[in-house]
Amino acid sequence: MELNGEQFIAASVPAVWRGLNDVVVLGKAIPGCEAIERISPEEVHAKVMFKIGPVRARFAGKLLLSDVIEEKSCSMAFEGSGGAAGFAKGRSRVELISAEGGTLVSFTTEASIGGKLGQIGGRLISASAKKIADDFFAAFAKELNPLASEITDGGEA
């Protein structure tokens, strides 16, 4: 599965970078996040409850950062296990680009999914992944700039 996109956040590049590296902000923004902990500057562990199609599972996973260019970009390797529901693993690249009035977050993700989740159709997995990403960015923007998020909720972001 591949998921690529761009999202505008009405906050400066340094503020977005800090937010993306703050486990408190991430814990509030990640849909279904039950626990998140920074193990080291490059490693984060999380427990997340996901519902994708008919499958609902609690995933325990880890995220490893690499190729970090402060306030610009980074790569991430991730893996998570949801027990009988299956597993997910993959890589993502995130780049922050200064834009008028805020920051454009560009991302590319490649993931493989197995187990019961792997048996669900690709369209349903892709649609669910896109919704999770959209929900994350909406909550993330609200955490960084509550007033700006309220203003843009009614319009195009």
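Find out how many positive minus negative residues lie around S98, taking Lys and Arg as positive, Asp and Glu as negative, among other residues whose Cβ is under 13 Å from that of S98. Walk me through the intermediate numbers first.
Working: positive: K72; negative: E71, E95, E100.
Taking every Cβ under 13 Å from that of S98, the sum is -2.
Does anyone have the angle between helix 122-144 and the longest principal axis of the chain? Alpha-carbon axes, 0 to 90°, nearest 10?
Approximately 40 degrees, to the nearest 10.
Which number gives the lysine pairs in the chain that have C-alpha atoms under 18 Å apart and are eight or more places apart or on different chains?
Lysine pairs meeting both conditions in the chain amount to 15.
Calculate the spin-label point distance for D135 paired with E70, positioning each point 7 Å from the Cα along the beta-carbon direction, and give it in nanometres.
Going from the E70 label point to the D135 one covers 3.5 nm.
Read the figures in this text as sums done on the coordinates, not as results from a lab. What you are looking at is a predicted structure, and each value in this text was computed from that prediction instead of being measured. When we count neighbours, we look across all protein chains shown, and the Cβ atoms used for this are built from the backbone with ideal geometry, even at glycine.
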